[in-house]
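Colleague: The structure follows.
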Amino acid sequence: MHYIDQYMLHLLHKYSIKVTDAYSEFDAGRVIRVLQAFITSDLSSFYFSIIKDRLYCDPDDSLGRRSCQTVLEKVLDGVTRSMAPVLPHLAEEVYLHSPGHEEAQSLFRSGWIQSTSVWLRPGVEEMVEGACAIRDSFLSSIPGKNPATYDVTIAIQPGLLFELMECLQAEATSTSSQLAELMMAARVNLTSQLPCDLPPDALLSHGTFLINLEGGVIRENSAYSVAAVPTSGSRCPRCRRCTAESVDSLCPRCRTVLQQSH
């Protein structure tokens, strides 16, 4: 599965623990707060905004699309079960329209949230949250503007953070890597130092990210720099990403998808 999808399952398992603890203490107020935070922050503001392109525009049977569909099924099931004690009629209706069970079966006879500690991935958590810290720096440098219209160069000194980002993007430059998906940019360049020939309209930002693994045994504070430049690519009429070679032409990804579909 893609790392961002593994990370979402990681968050879903942590959410299931929090909401189960709140129910076990009969604290309905905390249940609602945990549920609302998970839906508005982790899902709506973060995960859904990132996977839309992959979900809508990748080939139907592609690994990336099936990966996020698997997570969406697990999330829907977990959220439905967790809200059932306080929103029973809504939860039952959602469950009856969900795939994967007998039509006549009731949610209230099918058990509690089905999460597993196998979903816990501390290394993936540090990887994705490090990328998100870099993304926050990038987005703060272009307030109110569409990140999809920018090429991003990320410079990180060799070390643990750079190695984690290489897991998300093995190539030096890419328009389709998991790192580019997280950045929501047209293209991402990953390097150890910013190039000297940046254009004058490049927007620079800097930051640090503290990696903390193995209960603090592995700790490394890594600095990074981000340069955002308006992309030279054209907007693809199918996926709306600025990765096409010319106006009104499809990007390479969409051209391949449509050729395969025919």
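Colleague: When you look at residue 194, is it open to solvent by 40 Å² or more (accessible area, probe 1.4 Å) and either part of a helix (DSSP H, G or I) or not basic (Lys, Arg) (or both), yes or no? Can you show your working first?
Modeller: Details: open to solvent by 40 Å² or more (accessible area, probe 1.4 Å): yes; either part of a helix (DSSP H, G or I) or not basic (Lys, Arg) (or both): yes.
Spelling it out, residue 194 is indeed open to solvent by 40 Å² or more (accessible area, probe 1.4 Å) and either part of a helix (DSSP H, G or I) or not basic (Lys, Arg) (or both).
Colleague: Looking for something within 30 Å of residue 259 (Cα to Cα), among the aromatic types (Phe, Trp, Tyr) and within 15 Å of the chain's Cα centre (by Cα) - is there at least one such residue anywhere in the range 31-54? Give the steps one after another, and end with the answer.
Modeller: So the first thing to find is which residues in the range 31-54 are within 30 Å of residue 259 (Cα to Cα), and the list is 47-54.
Next, from what is left, pick out any that are among the aromatic types (Phe, Trp, Tyr): 47-48.
Adding the requirement that they be within 15 Å of the chain's Cα centre (by Cα) leaves 47-48.
Within the range 31-54 (the criterion being within 30 Å of residue 259 (Cα to Cα), among the aromatic types (Phe, Trp, Tyr) and within 15 Å of the chain's Cα centre (by Cα)), the answer is yes, since at least one residue qualifies.
Colleague: Looking at the range 36-51, is at least one residue open to solvent by less than 60 Å² (accessible area, probe 1.4 Å), in a helix (DSSP H, G or I), farther than 22 Å from residue 147 by Cα and at pLDDT 95 or above?
Modeller: Scanning the range 36-51 turns up at least one residue that is open to solvent by less than 60 Å² (accessible area, probe 1.4 Å), in a helix (DSSP H, G or I), farther than 22 Å from residue 147 by Cα and at pLDDT 95 or above.
Colleague: Mind counting the residues in the range 159-181 that are in contact (Cβ under 8 Å) with a residue 24 or more places away in the chain, assigned to a loop (DSSP other than H, G, I, E, B) and under 14 Å from the mean Cα position of the chain (by Cα)?
Modeller: Of the residues in the range 159-181, 1 are in contact (Cβ under 8 Å) with a residue 24 or more places away in the chain, assigned to a loop (DSSP other than H, G, I, E, B) and under 14 Å from the mean Cα position of the chain (by Cα).
Colleague: Another question, then. Just to check your reading of the model, which residue among 66, 81 is surrounded by 19 or more Cβ atoms within 10 Å (Cβ to Cβ), of a type in the set (Lys, Arg) and outside any loop (DSSP other than H, G, I, E, B)? Working first, answer last.
Modeller: On the way: 66 fails: surrounded by 19 or more Cβ atoms within 10 Å (Cβ to Cβ).
Of 66, 81, the one residue that is surrounded by 19 or more Cβ atoms within 10 Å (Cβ to Cβ), of a type in the set (Lys, Arg) and outside any loop (DSSP other than H, G, I, E, B) is 81.
Colleague: Right, next: Restricting attention to the range 202-222, which residues are at pLDDT 90 or above and not in a strand (DSSP E or B)?
Modeller: Once the filter is applied, which keeps residues that are at pLDDT 90 or above and not in a strand (DSSP E or B), the range 202-222 yields only 202.
Colleague: Another question about this same structure. Pairs only if they're at least six apart or on different chains, beta carbon under 8 angstrom, first in the range 56-76 and closer than 29 Å to residue 112 by Cα, second of a type in the set (Asp, Glu) and modelled with pLDDT under 95; list them, first residue then second.
Modeller: 64/58; 65/58
Colleague: Of all residues in the range 109-165 being among the acidic types (Asp, Glu) and closer than 30 Å to residue 23 by Cα, which is surrounded by the fewest Cβ atoms within 10 Å (Cβ to Cβ)?
Modeller: Taking the range 109-165 first, the residues among the acidic types (Asp, Glu) are 125-126, 129, 136, 151, 163.
Of the ones still in play, those that are also closer than 30 Å to residue 23 by Cα are 125-126, 129.
Working: 125: 18, 126: 21, 129: 14.
Result: 129.
Colleague: In addition: Looking only at the range 1-35, how many residues end up being over 30 Å from residue 62 (Cβ atoms) and surrounded by 20 or more Cβ atoms within 10 Å (Cβ to Cβ)?
Modeller: Of all residues in the range 1-35, those over 30 Å from residue 62 (Cβ atoms) come to 17-35.
Those left that are additionally surrounded by 20 or more Cβ atoms within 10 Å (Cβ to Cβ): 19, 31, 34.
Total meeting the criteria: 3.
The values are calculated or read from the model by the stated rules, or taken from the named source; none is laboratory data. What you are looking at is a predicted structure, and each value in this text was computed from that prediction instead of being measured. Note that each Cβ is placed from the backbone with ideal geometry, even for glycine, and that neighbours are counted across all protein chains shown. With ligands, DNA and RNA removed, areas are computed over all heavy atoms of the protein, side chains included. Shrake-Rupley method; radii C 1.70, N 1.55, O 1.52, S 1.80 Å.
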